[in-house]
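Enquirer: Pasting a structure here, questions to come.
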């Protein structure tokens, strides 16, 4: 039975995996067996998978630039391996131009699909075309010899394909005693993660051992397609001493491939020291794995139901090793106890009987495969090595425990319901408002009654109600009335850090009218006044819904100067161009994808093509110095934002050292007091939001636990050094929205992530009022009605939570956020219309009192913005701020009926989402089940469906379409690309840096390793390390310590 096999992946340093996920699902639905690798895959990783899996074709997406080199390099590597018949398909939306598509076709790429192809063929048509072009036998011209010994991996793959397809091949009985380890378990138990951790240990302790892994996944009965998804979880697949092959169950009717026995017998004749066979997920009665393996591992989780269910699990009798994975989950100790009891009953090993093993000696292991270097996994690996008589000497000193007693979690178990508590705090606040308003309403009624009909009984009731209400409510109303009077009188007085400020509250229009900068409500009733105070209040007053400051800044616009292209010198030039007319230098930096994924620039084609594309290439502290040459980083009017997440601690260390190098020379550079004085002056933000990356953007590079540990180290360092003007994290909803989330989901997920950081930092023992000032937020603004109030609602929820739940001070209650207009709303069709959308989005952001704003250039949908398009984008917000009369008011939409209704609806929807996330184990628990990612993709699909059907009108795209739309889609657009000369210059600079620091870099890396392994503050040491080591050198060292990020499907 010959089946079509595709490998699918997103290109190197590219986290855009939605499109390739859609394509692989459609391929599966057409009966194709798909080996999915996920995002950020090098050309060599893709080619190895194609060769080892003997695939007919590979389909890849590339949305991050460098596609010309990437696709060509994949073709070159396949051809070098003799796989000239493998078809290559690709796509990248409008990123790959018609001219580039033709050039790639000329280089042997089977087909690159363009947006025009999508419009003409549709997704189904593209899939059918791919299948038709890819249909061929991978065995044509190959001479099968199953009796040959020590075949190379590519030929192993061919023989296994022939076996799978039912070819009449004689497999001789093996004379070798190659052990076979079977691994089985329930679906979702974490078998793939456990196998990856096991293989990583083989590579670390037995690098000379060769291991073959056969991983089986189920075939869909209806479509006959299959998702062969284990490779996406196997970071160890890259190691040369492993051979990995994915099989489907096809028509076996079991959890194994119909040809599994023949395949295993064939591999036994080859050059392997161990064969591992992983089944697809099984039920309670399954035990097929026992028929082909020498020893079996059964993997389960604590969620098996009542203890009586254990009696029904066949593998608890058959397995040689029982693994209770996800041991970090609540009540896992109870599950371990019950499993041990059932195992004893099954094997008649009753506790306390002579010769019966202790609980700790039973072959039952509590593991946390998601945790790097877990002691439970160590214990399992040690037991497997002993069982197969592997040399034990390499394992001396390994820290192992069959049931780890260290279940330290990012968020302590007793705090796991924090989001429900936050929702309750906000609802309690609103409920208390209603109670007090009711009493105020009665008091007002009694006061009127008392005036009209004097009565002792009325006066007594009035006194009682006032006593119950307390004096605070009256004081709040009096303060509000005083503030309103100041606005109306023309001068407002307030204090910041013990300094008094007097602000004129009115401006004069061209018509000669004196108009208030802050509009005030005209409520005569104290009930209405109090409702207003509690729900919104005036700007600068709790709950800060209208804004965290009494007035907007007038000395500068809240704009950001966004740049990032080529090498540091080119981006430096763009920064100077953007900021030349402004005293305040508010620089926002975009990095290229090589930097975003923590690697160094290199001549290797799949890396070379990405250098300096869609962002600036930064690999050393000297690059960072050049990037900000001519800007005084410790000047209070200079602020730098860096959009980077995975390697953020390293880039932040580059930046801090750049600020120090600008001011301190010679011995002064090591003067602790002088260094501290400079660090306490710098201003800016590093994005560093690793939760959002896992949920939406995919630039995670380290294991999640290790990435959070480094975030905590950064914040701890800032608290210790009292660095208060720099934001250590920009908790970002922008990328959640760009991935497809609607505005409510964007804000709910972002706030939930923010509160998760709060809980984590508190768990580390940090003071809430010391770290809260280093937190900032970042949202997208689209055109949906909810975007009119997202800032208002977020400020209110944050303020109430920080005050009423966490007891934080006034400053910590103030929610600071940046807005970027929606990149998703930019379209290549009718490209000039993009500025119209951006203008409306910018007004919504400014009218909702955002703290800073970036307006997208109209051509960002297709290229790095030109100077002309950036100038237009900057002009949009300058015109709104300086010309648009309504926006000269600081609260132009406050009090509008629809705004009030929207705020109530959005607030309740966000609190409800908090409760949903809480019920899934909080943010981290929900991430484990990929709740956030799934919800974002569902909402993205809903949006795209409405857009495609025309139910959601997009002017110039699906309605009011220009007559020359085909011409627009095929027009040659001048694209900003980093030249080869510039790329080579960046590599040369890197190599020069490495050569000059060759005598110090190894020592610096060793010191960093020691600090990290001993549990010290990694960031504090990074401040020193970056002076001698490049980004890639540091990243690869940290991989050894904390582990790489494990992709999800």
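Taken together, the values in this text are just the output of simple stated rules run on the coordinates, not laboratory data. From a predicted model like this one, the values you see are computed outputs, not experimental measurements. Cβ coordinates were reconstructed from backbone atoms using ideal geometry, including for glycine residues, and neighbour counts include every protein chain displayed.
Enquirer: Is the shape of the range 646-705 rounded, prolate or oblate, going by the alpha carbon gyration tensor and its root eigenvalues a ≥ b ≥ c, with a/c under 1.5 for rounded and a/b larger than b/c for prolate?
Expert: Prolate shape, in that a/c is at least 1.5 and a/b is the bigger ratio.
Enquirer: Another question, if that's okay. Just for the range 174-395, what percent of DSSP beta bridges are antiparallel, to the closest 5?
Expert: Within the range 174-395, antiparallel bridges account for around 5 percent of the total.
Enquirer: Expressed as an acute angle from 0 to 90° and rounded to the nearest 10, what is the orientation of the C-alpha long axis of helix 471-489 relative to the principal long axis of the chain?
Expert: 70
Enquirer: Another question, if that's okay. Let me have the 222 nm mean residue ellipticity of the chain computed from DSSP H runs of 4+ only, each contributing -39500 (n - 2.57), with the sum over all residues rounded to the nearest 500.
Expert: So the helix-based figure for the chain works out to -14000 deg cm²/dmol.
Enquirer: Return the distance in nm (one decimal) between the two label points of a simple spin-label model at residue 509 and residue 291, each offset 7 Å from Cα along Cα→Cβ.
Expert: Between residue 509 and residue 291, the label points sit 8.6 nm apart.
Enquirer: Once all Cα-Cα distances of the range 129-191 are split into 5 Å bins that start at 0, what whole-number percent is in each one?
Expert: So the P(r) values, bin by bin, are 3, 12, 17, 16, 16, 13, 14, 7, 2, 0.
Enquirer: Could I ask something else about it? Counting other beta carbons within 10 Å of each Cβ, put 436, 337, 420 in order, fewest first.
Expert: 337, 420, 436
Enquirer: Report the full-extension gain for the segment residue 897 to residue 959: residue separation times 0.36 nm, less the Cα-Cα distance, to one decimal in nm.
Expert: Extra length from residue 897 to residue 959 when fully extended: 19.2 nm.
Enquirer: Need one word for the range 566-656: rounded, prolate or oblate. Basis is the Cα gyration tensor (sqrt eigenvalues a ≥ b ≥ c); a/c below 1.5 gives rounded, then a/b vs b/c decides.
Expert: prolate
Enquirer: Using 1/(1 + (r/R0)^6) with R0 = 60 angstrom and r between the beta carbons of residue 867 and residue 309, what's the FRET efficiency to the nearest 0.05?
Expert: Details: r = 67 Å, r/R0 = 1.11.
With R0 = 60 Å, the Cβ-Cβ based efficiency is 0.35.
Enquirer: By how many degrees, between 0 and 90 and to the nearest 10, does the Cα long axis of helix 867-882 differ from the longest principal axis of the chain?
Expert: 30
Enquirer: Right, next: In Å³ and rounded to a whole number, note down the convex hull volume per residue for the Cα atoms of the range 907-1049.
Expert: Details: hull volume 32.6 nm³, N = 143.
Convex hull volume per residue, Cα atoms: 228 Å³.
Enquirer: Rounded, prolate or oblate: which fits the range 243-344, taking a ≥ b ≥ c as square roots of the Cα gyration tensor eigenvalues, rounded meaning a/c under 1.5, else prolate when a/b beats b/c?
Expert: Here the range 243-344 falls in the prolate category.
Enquirer: Same structure again: Place a point 7 Å from Cα of residue 496 in the direction of its Cβ. Which residues in the range 665-699 have their backbone N less than 20 Å from it?
Expert: Only 680-685 fall inside the zone, counting backbone N under 20 Å.
Enquirer: Next up: Over the Cα atoms of the chain, what radius of gyration and what Dmax do you get, in Å?
Expert: Considering the chain through its Cα atoms, Rg and Dmax are 31.4, 111 Å.
Enquirer: Turning to a different aspect of this structure: Residues of the range 504-547 with the amide nitrogen closer than 18 Å to a label point 7 Å from the Cα of residue 444, along Cα-to-Cβ, please.
Expert: The answer is 520-538.
Enquirer: Given a cut-off of under 8 Å on Cα pairs at least six residues apart, what relative contact order in percent is computed for the chain?
Expert: Relative contact order comes out at 11 percent.
Enquirer: If I model a spin label as a point 7 Å beyond the Cα along the Cα-Cβ vector, how far apart are those points for residue 577 and residue 140 in nm?
Expert: Rounded to a tenth, the inter-label distance reads 5.1 nm.
Enquirer: Going 7 Å from the Cα of residue 482 in the Cα-to-Cβ direction, what parts of the range 439-476 have a backbone nitrogen less than 20 Å from that spot?
Expert: 470-476
Enquirer: Based only on the alpha carbon positions, what is the Kirkwood hydrodynamic radius of the range 2-48, in angstrom?
Expert: 10.9
Enquirer: Residue 251 to residue 333: FRET efficiency via 1/(1 + (r/R0)^6), r the Cβ-Cβ distance, R0 41 Å, to the nearest 0.05?
Expert: 0.45
Enquirer: Let me ask something else about it. Have a look at the DSSP beta bridges in the chain and tell me what percent are antiparallel, nearest 5.
Expert: Bridges in the chain that DSSP calls antiparallel: roughly 10 percent.
Enquirer: Let me ask something additional. Could you state the number of Å between the C-alpha centres of the range 596-628 and the range 374-401?
Expert: Centre-to-centre (Cα) distance: 40 Å.
Enquirer: Where does each of 295, 888 land when they are ranked from fewest to most other beta-carbon atoms within 10 angstrom?
Expert: So the residues, fewest neighbours to most, are 888, 295.
Enquirer: A further question on this structure: Given all pairs of different Cα atoms, what value in angstroms does the Kirkwood hydrodynamic radius of the range 5-134 take? Can you show the working numbers first?
Expert: Working: mean 1/r = 0.0703 Å⁻¹.
This gives a value of 14.2 Å.
Enquirer: Same structure, new question: Can you give the Kirkwood hydrodynamic radius of the range 603-744 from its Cα pairs, in Å with one decimal?
Expert: Computed over the range 603-744, the radius equals 16.6 Å.
Enquirer: Distance between the C-alpha centers of the range 141-172 and the range 1027-1041? Whole Å please.
Expert: 42
Enquirer: Now, a different point. Compute the acute angle (0 to 90°) between the alpha-carbon long axis of helix 568-579 and the principal axis of greatest extent of the alpha-carbon atoms of the chain; round to the nearest 10°.
Expert: Once rounded, the angle reads 20 degrees.
Enquirer: Across bins of 10 angstrom width beginning at 0, how are the C-alpha pair distances of the range 367-437 distributed, in whole percent?
Expert: 16, 27, 17, 13, 11, 9, 5, 1
Enquirer: Let me ask another. For the range 174-395, what number results from the quotient of the Cα radius of gyration and 2.2 N^0.38 Å?
Expert: Ratio of Cα Rg to 2.2 N^0.38 Å: 1.00.
Enquirer: Right, something else. Please give the FRET efficiency for residue 929 paired with residue 239, using the beta carbon to beta carbon distance and R0 = 35 Å, rounded to the nearest 0.05.
Expert: Efficiency, from the Cβ-Cβ distance: 0.75.
Enquirer: Then there's this: What is the Cα centroid distance between the range 939-961 and the range 5-25, reported in whole angstrom?
Expert: Here the answer is 24 Å between Cα centres.
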